Amino acid sequence: MTIRFKRRSILPGFGLSLGFTLFYLSLIVLIPLSAVFVKTFSLTWHQFWHIVTARRALASYRLSFGASAIATLINLVFGLNVAWVLVRYQFPGKRLFDSLVDLPFALPTAVAGIALTTIYAPNGWIGRFLDKIGIKGAYSPLGVVIALTFTGLPFVVRTVQPVLEDLDKEMEEAAASLGAGRWQVVTRVLWPSVLPAALTGATMAFARAVGEYGSVVFISGNMPMRTEITPLLIVTKLQQYDYTGATAIAVVMLVAAFVLLLTINLLQVWSGHRRKIRAALESGAVPGSS
Amino acid sequence: MAATATFTRPKRKAVFRAEDATTEPRTVRGLLIGSAVLFLGIFLFLPLAVVFTAAFAKGVSLYLASLREPDALAAIRLTLLTAAIAVPLNLVFGVAAAWSIGKFEFLGKSLLITLIDLPFSVSPVVAGLIYVLCFGLQGLLGPWLAAHNIKIIFAVPGIVLATIFVTFPFVARELIPLFQAQGNEEEEAALTLGANGWQTLFRVTLPNAKWGLLYGVILSNARAMGEFGAVSVVSGHIRGLTNTMPLHIEILYNEYHFTAAFAVASLLTLLALLTLFLKSFVEWKSRQPGAPKEAAGGKEVAA
């Protein structure tokens, strides 16, 4: 049997829709993205390496990746907390909090940036308390961490919530009937199902945090070597017409984004795998389940 | 062998209750709820509160005056124009991509889906950079554009292009799983009844997917109006000409016109709240019994 490109179908419009899709995709995404690599190939490897490992660039990577990592950890811990509380408990205002979790997705980053800066500046609502104990909120790496925590807040919550909702109480009750205490049920029964989803959400939050620009540039202070994030370094180089330098740093960011995208896909395969096993168990093997 | 060997067990409660292993003690519950509410309160409610407090800090008349200022009006107009171009174009693309990917089987489908998702994983600044590299003066097409006196970068077309890039996948990502889940039966039935392709699309497929479609358009619009990083790179920041609302907010803030900056920001915040409300509404609608299958998932938006 010959290998066909497309399975037979009586529905019309395949050629037109696929053709338009590929055309639009190439025009808007693929061709412009390839411009980055075309530009970079005009550099020798030595020149490229020299640009991306300059001291200022290295300082920006440390800040961007470091602050993103800390913010992601905060979001992992509190994201699990929030997801658990939203799924398992009832309390006044729960529906409101639930819809508000998506605010960082919907709010423009510039608005988030100025709002957060105003709160954590030395005379701000929270900033004044931090100032009293000698901690700088805005215009410091801590400010960057705060902004990135805001930006990544919904990711872990929204990936863990469906998993928690899908969990069957019967499994917990079965564990209880076998003599498990609450802590054992949480750590041995619930946590293994939640872990892949939590890691997926955390990786997505990390990927978003590394590339974030708008929320961070207002609160960070933007001092080179100290509070300059990598996207800002790219913008600065562009403003100085150093297109080559900007492109080289952009390649570093694209490679990091690609690696993170791959990680996310693998994590989703892992959690999808677990979900299929569980679904199979629940549908067939467990007596009494619907 | 003692006949009365005793066997010590760890102390257990006299009565075993199922709730002991399926719920947490009340103090733990209280702590968990308290910490979650505190966390959300600090990170979500405070920024909302500060936007509106700062916007109205000097009274309603100053608030309205900031919005009626010519540069602010120009920024609002440009934001609306950009969204009015970017969202419909990406909507048409989304429907075309969903039709080809969701209704047919062919080699390379997952690769295509991954490519469509690419704009999501690219930093907004890099998104702007790629268009500067293509169309800027030193860019690939720069000399040709200069010779024909066409301005793309540092002008409105560049802003529209960058916005199209960042909102590219929204509608497609919503519709593709929806079209796939709904299968081909209804379309094939329509064809046997004599409908042509376009009639099938508009009378059968799209009405079935209307909530997913609406959802994708809402998210796409919110992102288009709020995009900052990508637009900042291609814009040129020319007051009154190439500033969108987020860029205008940046200018006002950097010049210490805090009230004016928050006044414009409050408009975008209202849009964000409206987006959240519509999102909940669409999710509620698609959960109704008898509604077309498929709820909307949580997707990413902001710039």
Note to self: Looking for something surrounded by 13 or more Cβ atoms within 10 Å (Cβ to Cβ), without any contact (Cβ under 8 Å) to a residue 60 or more places away in the chain, at the interface with chain B (Cβ under 9 Å from one of its Cβ atoms) and outside any helix (DSSP H, G or I) - is there at least one such residue anywhere in segment A:2-10?
What the structure shows: yes
Next item on the list: Go through (1) more than 9 Å from chain A (Cβ to nearest Cβ); (2) touching a residue at least 24 places away in the same chain (Cβ under 8 Å); (3) surrounded by fewer than 19 Cβ atoms within 10 Å (Cβ to Cβ); (4) not in a loop (DSSP other than H, G, I, E, B) one by one and return the number of the condition B:LEU73 breaks.
Entry: (2)
Notebook entry, point to check: Quick check: anything in segment B:124-132 within 18 Å of the chain's Cα centre (by Cα), in a helix (DSSP H, G or I) and at the interface with chain A (Cβ under 7 Å from one of its Cβ atoms)?
Noted result: yes
Check: Which of (1) touching a helix residue (DSSP H, G or I) at 6+ places or on another chain (Cβ under 7 Å); (2) part of a helix (DSSP H, G or I); (3) closer than 22 Å to A:SER215 by Cβ does A:ALA35 not meet, given it meets every other one?
Finding: (3)
Item checked: Filter result for A:GLY152 (closer than 14 Å to A:GLY79 by Cα and not acidic (Asp, Glu)) -> yes
Next item on the list: Being within 13 Å of chain B (Cβ to nearest Cβ) and surrounded by 13 or more Cβ atoms within 10 Å (Cβ to Cβ) is the filter; apply it to segment A:39-56 and report the residue that is farthest from B:LEU141 (Cα to Cα).
Entry: A:THR40
Next item on the list: Those residues that are hydroxyl-bearing (Ser, Thr, Tyr), closer than 15 Å to A:LEU63 by Cβ and at the interface with chain B (Cβ under 10 Å from one of its Cβ atoms), I need them from segment A:198-253; list them, please.
Entry: A:TYR213, A:SER215, A:THR230
Margin query: Name the residue that is surrounded by the most Cβ atoms within 10 Å (Cβ to Cβ), counting only residues in segment B:161-174 that are within 11 Å of chain A (Cβ to nearest Cβ) and of a type in the set (A, V, I, L, M).
Written below: B:ALA162
Notebook entry, point to check: Do we have B:ILE153 as part of a helix (DSSP H, G or I), more than 7 Å from every other protein chain (Cβ to nearest Cβ), closer than 17 Å to B:VAL231 by Cα and over 16 Å from the mean Cα position of the chain (by Cα) here?
Noted result: no
Check: Say we look at segment A:12-37 and pick out the residues that are more than 7 Å from chain B (Cβ to nearest Cβ) and over 28 Å from the mean Cα position of the chain (by Cα); which of these is nearest to B:GLN199 (Cα to Cα)?
Finding: A:LEU16
Notebook entry, point to check: Can you find even one residue in segment B:99-106 that is among the aliphatic types (A, V, I, L, M) and surrounded by fewer than 20 Cβ atoms within 10 Å (Cβ to Cβ)?
Noted result: no
Margin query: I need the helices (runs of 4 or more DSSP H) fully contained in segment A:106-193, keeping only those with at least 2 residues that are facing another protein chain (nearest Cβ under 10 Å).
Written below: A:109-120, A:141-166, A:169-177
Notebook entry, point to check: Here are some conditions: (1) more than 8 Å from chain A (Cβ to nearest Cβ); (2) closer than 21 Å to B:LEU267 by Cα; (3) assigned to a helix (DSSP H, G or I); (4) without any contact (Cβ under 8 Å) to a residue 60 or more places away in the chain. B:ILE249 meets all but one. Which one does it not meet?
Noted result: (1)
Notebook entry, point to check: Here are B:LYS279, B:LYS293, B:LYS210: which of them is of a type in the set (Lys, Arg) and at pLDDT below 90?
Noted result: B:LYS293
Next item on the list: Pull up segment B:41-64, narrow it to residues that are surrounded by fewer than 19 Cβ atoms within 10 Å (Cβ to Cβ) and among the small types (Gly, Ala, Ser), then point me to the one that is farthest from A:GLY113 (Cα to Cα).
Entry: B:SER61
Next item on the list: For B:ALA222, indicate whether it is under 18 Å from A:PRO108 (Cβ atoms), assigned to a helix (DSSP H, G or I) and at pLDDT 90 or above.
Entry: yes
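The values are calculated or read from the model by the stated rules, or taken from the named source; none is laboratory data. Since this is a predicted model, take the numbers as computed values, not measurements. Please note: Cβ atoms are built from the backbone with ideal geometry, for glycine as well, and neighbour counts cover all protein chains shown.
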